[in-house]
1. Those residues that are in contact (Cβ under 8 Å) with a residue 24 or more places away in the chain and not in a strand (DSSP E or B), I need them from segment A:159-171; list them, please.
2. Does A:I373 fit the bill of being of a type in the set (A, V, I, L, M) and either within 10 Å of chain B (Cβ to nearest Cβ) or part of a loop (DSSP other than H, G, I, E, B) (or both)?
3. Do we find a residue being aromatic (F, W, Y) and either in contact with a strand residue (DSSP E or B) (Cβ under 6 Å, 6 or more places away or on another chain) or within 30 Å of A:F157 (Cβ to Cβ) (or both) anywhere in segment A:281-293?
4. Would you confirm, using the coordinates I've provided, whether B:F116 is over 18 Å from B:Y182 (Cβ atoms), in contact with a helix residue (DSSP H, G or I) (Cβ under 8 Å, 6 or more places away or on another chain) and open to solvent by 40 Å² or more (accessible area, probe 1.4 Å)?
5. From B:D241, B:D255, which residue is charged (D, E, K, R) and away from chain A (no Cβ under 11 Å)?
6. So which residues in segment A:294-324 are open to solvent by less than 30 Å² (accessible area, probe 1.4 Å) and within 15 Å of A:A375 (Cα to Cα)?
7. Counting just the residues of segment B:131-145 that are open to solvent by less than 60 Å² (accessible area, probe 1.4 Å) and closer than 29 Å to B:V185 by Cα, which one comes out nearest to the other protein chains (Cβ to nearest Cβ)?
8. Residue by residue through segment A:298-321, note down the ones that are in contact (Cβ under 8 Å) with a residue 24 or more places away in the chain, not in a helix (DSSP H, G or I) and not small (G, A, S).
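The values are calculated or read from the model by the stated rules, or taken from the named source; none is laboratory data. In this text the structure is predicted, and so the values were computed from the model without any measurement. Here the Cβ positions follow ideal geometry from the backbone for every residue, glycine too, while neighbour counts run over all protein chains shown. The accessibility values were calculated without ligands, DNA or RNA, using every heavy atom of the protein model including side chains. Shrake-Rupley method; radii C 1.70, N 1.55, O 1.52, S 1.80 Å.
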Amino acid sequence: MGRKIRMLISTFVVANLFVIASTGSVLAKTTLTVWWWQFWQDALTPAIEDFHQDYPEIKIEQEILGPSDVYANLLLALSAGAGIPDMVGLESSHLTQYVSLGGLADITEEMSPWYDKIDQGKWPAAKDKEGRIYAMPVDSGPVALYYRRDVFEEAGFPSNPDSVQPLVDTWDDLYEVGKQVKTATGKFIFPQAKTNNDFRIFETLMWQQEAGYVDREGKIVIDSPKAVRTLEYLGKLWKEDLLLDTPAWTAGWYAALDAGMVATIPNAIWLGGFLWSWICPEASGKWGVVPLPVWEEDGVRSSNDGGSNISITKACGNKEAAWEFIKYIFTNKEYLIDAWRTADWFPSLMACWDDPFVDEPVEFFGGQAYRKIFAEAAKVIPWWDYTKDYHEMNSIMQVYVTTYALGEIESAEEALTKAAAEMRTRTGRE
Amino acid sequence: MAKQGQRIKEENLFKKIRKNRIPYLFISPFFILFAIFMLYPTIYSFYLSFFKWSGAGPKAYVGLLNYTDLFTNRPFKQSLINAVILFFEYVPGMTLLALILASLLNSRYLGLQSVFRTFIFLPYVTAIIAVTYAFQLLLDKRFGMVNLFLSWFGIEPVAWLNTPNLARICLSGLVTWRWLGYNMVLLLAGLQNISPELYDAAKVDGATPTQSFFRITLPLMKPMLLFCILLSTIGTVSLFDEPFILFNAGGGPRDATLTPVLYLYNTGFRYLHFGSASSIAYALFIILFLIGLFEIKVMGEKK
């Protein structure tokens, strides 16, 4: 009898120990899921390993999806109220939509020490109407002018950055260069298709002049004189067949960049990474970078295209742990510069912009310290707000800009006035 | 008397259901899944069509506003126009071609029937992503094989995918190529139901093959043709994968290949107007219902 009781007690104690041990480990170990795409994983693997070492009680589980799947799945998860990740990577162009959906956590307080230390151009997309902040900006897309040294030489121009820069001082200068390139080589000045694309270069050129879809009050201003001037400029180049009429991100576009069928391309810093890693790795030494041409004297030589952010969701089980993770990685200069080096991820953290790293010469760009140009451009990126209606406004803009490009609407002003009118009805903005 | 008969019938029905409850249990998964994934969303989207809703958060009741808004909605109207143009661009030709091919494959004179059948059906079972990317490459203005081929005859490069009308024609071509085999198989099944004795009798009476095609095949195939055309009508309105991939997720040049369902998708999942998207779904349902009725009336058998 006594033995039986002893057995019972010891079983009970052992069982209890198991229970305590297992609940203990559950309490100690927090698992945080994060949805983002391949780029993040490639750029951040060493940083995440360090984080796991320093914070053994937190485990980061990455779920790698394509960007469009991140958005689609997040929308479904938010509307179902289930299956929401703890953190999520979002491009600036999509961020405001999710801020307006209300699924992201307010991190205004946590962000306050970092507010002034981050690319100011990132904030409009990360804020709601009341100015609360819902995302940590991660990377920016400062824009400069990439150019092909071989094409410039072929057209009888000098090809080193110092001599190219005065040649393309203004957009009108670039137009003159384009004419010369066309007659001498039959090549194009830059690629911008008339149809079937989202006209990112048009947006980038407007962004350079702080002209966009909306003004600071949220009113539609796509028919502003600056926007009209920009479209007229593109129209002139289309009419004279100076632009390569191939949509970006298609086989023809890659082939054109690879074969040097375009002399330049105004684009963001991440394109450089795409060029050397997979679009045209064989064209090493043939590319160069100069600051953007300006629209008028003393104009800004900067614009932005793309960029992403990291957000904590409202459904996140352990917001403190998630914030620890974000702070650990995305405010750490070393990790961000590593990501810049490996994946051409331009950090939104300003401290990185003056690091000696930006002065390193890069062989692919003919030994030019090309990152310096983007770092300088990042300091003066003009204001721009994507707004939650960006995708609808962009698709409306596409229709009217295409109509203008195909010559079915004669004047750029008429095209943009019509676009603005339709945007106002569809979005309910003024 | 009649009432009592009715009651007995009802009792019999319940008895029968009770008796067969095990078979019912076995087929219930379909009905349960149907109710959750088809019936419920259908009803819920009808409810949603009276609200403004961005996919999460509160809904705002707006009455019929989503529906009345469709009358002045340019992209929606454009998508309907596109559907009509696409329909006339490919449905008559494709259906006729499918019928001719089916007749050929059904005739006794042609060898290697199963080989031809497989080849014509193959596009339908090929992954749509691969097919559409291949078309995109073939039709590229500067690097496409189609323009290379044309250049041998001294024809200037054609901007196939970049001009509104040509883009629609390319899309029609792709759809024809992909769905021809499917329609052919449907029609072939219909043809095989026509008794060969009819043709033999016609032959004895001195009818030529053309005459028997128009006098025997065509009239007897009417119900099957009607079925094919109905399917193509619905297919045109709900065309999605092909234009979505061929034109980089956009509506093509000047929204020329924006199909109604593509616009519905954009309205819901890209612009986050789920109420408006639901109203589009119901508007399309009504339009398709009316067109279907019309087609049945025009082509259907008269009793």
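1. Selection gives A:S159, A:N160, A:P161, A:V164, A:Q165, A:V168, A:D169, A:W171.
2. The answer is no for A:I373.
3. yes
4. Against the criterion (over 18 Å from B:Y182 (Cβ atoms), in contact with a helix residue (DSSP H, G or I) (Cβ under 8 Å, 6 or more places away or on another chain) and open to solvent by 40 Å² or more (accessible area, probe 1.4 Å)), B:F116 does not qualify.
5. Working: B:D255 fails: away from chain A (no Cβ under 11 Å).
Testing whether each residue is charged (D, E, K, R) and away from chain A (no Cβ under 11 Å) leaves just B:D241.
6. A:S302, A:S303, A:N304, A:D305, A:G307, listed by residue number.
7. Once the filter is applied, the top-ranked residue is B:Q136.
8. Filtering segment A:298-321 for residues in contact (Cβ under 8 Å) with a residue 24 or more places away in the chain gives A:299-319, A:321.
With the extra rule that they be not in a helix (DSSP H, G or I), the set shrinks to A:299-318.
Within segment A:298-321, A:V300, A:R301, A:N304, A:D305, A:N309, A:I310, A:I312, A:T313, A:K314, A:C316, A:N318 qualify.
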